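Notes to accompany the following structure.
The values are calculated or read from the model by the stated rules, or taken from the named source; none is laboratory data. Not measured: the values here are computed from a predicted model. Neighbour counts run over all protein chains shown; Cβ positions are idealised from the backbone, glycine included.
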Amino acid sequence: MTLPARAGEILLLHNPRCSKSRALKAALEARGVAFAERLYLDEPLSLAELKDLHRRLGGDARALLRKDEPELAAAGLGATSGDGALLAALARFPKLLERPVLVNGPRAALGRPAPEDALRIL
């Protein structure tokens, strides 16, 4: 599965163990929104997909990173790490991806701090 290309093609990058991810999924279902679901821990995003997602989110690679995961240290990232290093680490360690992420064609949004924040791109 690749990231959707056209508006109206909606993809939820989802981790069912995450309460915010479950809340966004429930909000989409309650609104009757048709969407595809990708369990990104089971089907990690490629580096090319992460670069595309980075662009769709407005170019802030640090916003894509979960800051409290042990994999962050294993990835060798620091305060001065650039976007390329951050995206490469996300490709190697999918658990580092902040969640949930909603993609609607050329746009994407994080469901943080509140899952409803992502609904603005519908």
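So here's what we get for this one:
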item	result
Residue within the range 28-42 that is over 15 Å from Leu119 (Cα atoms), in a loop (DSSP other than H, G, I, E, B) and hydrophobic (A, V, I, L, M, F, W, C) present	yes
Qualifying positions in the range 36-48 - in contact with a Leu (Cβ under 6 Å, 6 or more places away or on another chain), surrounded by fewer than 18 Cβ atoms within 10 Å (Cβ to Cβ) and of a type outside the set (Gly, Ala, Ser)	Glu37
Lone qualifier among Ala61, Ala91 - being under 22 Å from Lys20 (Cβ atoms), under 13 Å from the mean Cα position of the chain (by Cα) and not hydroxyl-bearing (Ser, Thr, Tyr)	Ala61
The range 52-79 residues that are over 16 Å from Arg92 (Cβ atoms), paired with ones that are hydrophobic (A, V, I, L, M, F, W, C) (beta carbon under 6 Å, 6 or more apart)	Asp52/Leu3; Arg56/Ala108; Leu57/Ala108
Every residue from the range 43-71 that is part of a loop (DSSP other than H, G, I, E, B), hydrophobic (A, V, I, L, M, F, W, C) and at pLDDT 95 or above	Leu45
Whichever residue in the range 1-27 is surrounded by fewer than 16 Cβ atoms within 10 Å (Cβ to Cβ) and among the hydroxyl-bearing types (Ser, Thr, Tyr) and, among such residues, is nearest to Pro115 (Cα to Cα)	Ser19
